[in-house]
Structures are given as C-alpha cells and as structure tokens.
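Right, one structure below, let's go through it.
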Amino acid sequence: MVIKVVRGNPTPEELAAALAVVRARAAAASAVPPGAPAPRDSWSDPSRIAAHHLPHPGPASWTRTYWPG
C-alpha cells in the first residue's frame, strides 16, 4: 500500500494518526471470518422495492401496467 501526501505538510504526529486510522480500517475489513456471508448492499435489499405502494385499480389502471411480450 502506498500513501502519498498530495497537499499540505503534515507533522509526524498527524501522519501517524492518519496511518493508524487506515491500518485499523484495513484490519477490520480483513477480520471477517472465512465462510461468513458478505454483508448485503442496501441496493439489493428487496424490502427497498417492496416499501413502495402500488397504485390502486381504477378506470385508467390499464395505462399503468406493463406486460413484456
């Protein structure tokens, strides 16, 4: 892993603090036990889609339907 300071002139203490955070995040990411299911992304959560209310049937309900042919 290569870390490069692009802007500014950090003190050794600031650089050490930033590196400690990066290393802690990397250690936490690799701490997942092998064989454990990966956490689900909220975009793939079916309840996100099912939370929307469907339109009520009415005289023009046929205009809101779509059946692929």
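The values are calculated or read from the model by the stated rules, or taken from the named source; none is laboratory data. Predicted model only: the values in this text are computed from it and were never measured. All Cβ positions, glycine included, derive from the backbone under ideal geometry; neighbour counts span all protein chains shown. For accessibility, only protein heavy atoms count, side chains too; no ligands or nucleic acids. Shrake-Rupley method; radii C 1.70, N 1.55, O 1.52, S 1.80 Å.
Please determine, by comparing only the residues of segment 28-46 that are among the hydrophobic types (A, V, I, L, M, F, W, C) and not in a helix (DSSP H, G or I), which one is least open to solvent (accessible area, probe 1.4 Å).
Ranking the qualifying residues of segment 28-46, first place goes to A36.
Which of the residues that make up segment 2-27 are over 26 Å from the mean Cα position of the chain (by Cα), surrounded by 10 or more Cβ atoms within 10 Å (Cβ to Cβ) and modelled with pLDDT of 90 or more?
P10, E14, L15, A16
Just one of S42, S30 is modelled with pLDDT under 75 and on the phi < 0 side of the Ramachandran plot; which is it?
S30
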